[in-house]
1. Residues 174, 183: which one is surrounded by 16 or more Cβ atoms within 10 Å (Cβ to Cβ), in a strand (DSSP E or B) and over 21 Å from the mean Cα position of the chain (by Cα)?
2. Among the residues of the stretch 294-331, how many are farther than 20 Å from residue 51 by Cβ and not in a loop (DSSP other than H, G, I, E, B)?
3. Evaluate the following for residue 218: is it out of contact with any strand residue (DSSP E or B) (no Cβ under 8 Å at 6 or more places or on another chain) and either in a strand (DSSP E or B) or at pLDDT below 95 (or both)?
4. Inside the stretch 306-331, can you point out the residues that are in contact (Cβ under 8 Å) with a residue 12 or more places away in the chain and either over 14 Å from residue 289 (Cβ atoms) or in contact with a helix residue (DSSP H, G or I) (Cβ under 7 Å, 6 or more places away or on another chain) (or both)?
5. Right, residue 209: assigned to a strand (DSSP E or B), in contact (Cβ under 8 Å) with a residue 40 or more places away in the chain and crowded, with 16+ Cβ neighbours inside 10 Å or not?
6. For residue 223, all conditions in the list (1) at positive phi; (2) assigned to a strand (DSSP E or B) hold save one; what is the number of the exception?
7. Could you figure out which of (1) within 22 Å of the chain's Cα centre (by Cα); (2) surrounded by 13 or more Cβ atoms within 10 Å (Cβ to Cβ) isn't true of residue 327?
């Protein structure tokens, strides 16, 4: 739980990785990252999501080929979301679904804005049954200061509280259990120009990980993650490509040292993910993903095709396995 949540914290701060919005899907164990984008802290919702222009509504549908499919397999819808934005870049309402391989609805999430944007309510369902209801409260500057998660019988499941500096940057978040004891939390340090330079994660027993960020020319960035004993666990780096053509990303894991793996990604200048390759500890390719896009006149992508090649599947190049289509309306 801690590792997952810490990963989410890092993603929100530095790399927004938005996967299937409806939660884990029955019958799916896809390694395909649906969305992956570099963002800076504090951007409006639409900009953080990578949209250009005064977007009003986005309908996004993803269809996938069944796992281990052969021949003329039928594409199946796996995810659907409809998001409406306000003129001030906030989310008015977001409804998203995930589907089982047989086409039946598995998960559902509903996000609604209330009290002039000072409160947002999140509800998630599995096969029609409410899982939980979460209420997020915002300050007058639009920053989330607290979240309260309730069970279907309206009992508090957990809550978190956030603190910000004078510039409005998130500096601390603590997550508490149902019994009000600390589950885990994190603290963030910034440089004088407002960039994240350190992320420290802790629980009731103390610090269990620390990640340090080092910046170079342009958008070059390195990060090193250490455990509670100060031992390096992982390393990653973003390197700008020549002439502003995009970015390369490399990540290496050293935990455990005997199973070292390496992940390589390439982005275009808009931070759209173009390819992803995972190498196993032996240095051989475990899988490779490639992405192609079609754009509208505003510069937003309206079709994304994901192709996959796995080790041992007999393919010499990635084959299409997922297509995501967007229908975007503007103010």
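1. Numbers: 174 fails: over 21 Å from the mean Cα position of the chain (by Cα).
None of the others qualify; the one that does is 183.
2. Qualifying residue count, the stretch 294-331: 8.
3. Details: out of contact with any strand residue (DSSP E or B) (no Cβ under 8 Å at 6 or more places or on another chain): no; either in a strand (DSSP E or B) or at pLDDT below 95 (or both): yes.
So residue 218 does not fit the description; no.
4. Of all residues in the stretch 306-331, those in contact (Cβ under 8 Å) with a residue 12 or more places away in the chain come to 306-311, 318-331.
Those that are in contact (Cβ under 8 Å) with a residue 12 or more places away in the chain and either over 14 Å from residue 289 (Cβ atoms) or in contact with a helix residue (DSSP H, G or I) (Cβ under 7 Å, 6 or more places away or on another chain) (or both): 325, 326, 327, 328, 329, 330, 331.
5. Numbers: assigned to a strand (DSSP E or B): yes; in contact (Cβ under 8 Å) with a residue 40 or more places away in the chain: yes; crowded, with 16+ Cβ neighbours inside 10 Å: yes.
Here the answer is yes, as residue 209 does meet what is asked.
6. (1)
7. (2)
Here is a yes/no grid of residues against (1) without any contact (Cβ under 8 Å) to a residue 12 or more places away in the chain; (2) assigned to a strand (DSSP E or B); (3) crowded, with 16+ Cβ neighbours inside 10 Å:
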| position | (1), (2), (3) |
| --- | --- |
| 112 | no, yes, no |
| 122 | no, yes, yes |
| 125 | no, yes, yes |
| 136 | no, yes, yes |
| 142 | no, no, no |
| 153 | yes, no, no |
| 160 | no, yes, yes |
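The values are calculated or read from the model by the stated rules, or taken from the named source; none is laboratory data. Given the structure is predicted, the values throughout are model-derived calculations rather than measurements. Cβ sites come from the backbone with ideal geometry, for glycine too, and all protein chains shown count toward neighbours.
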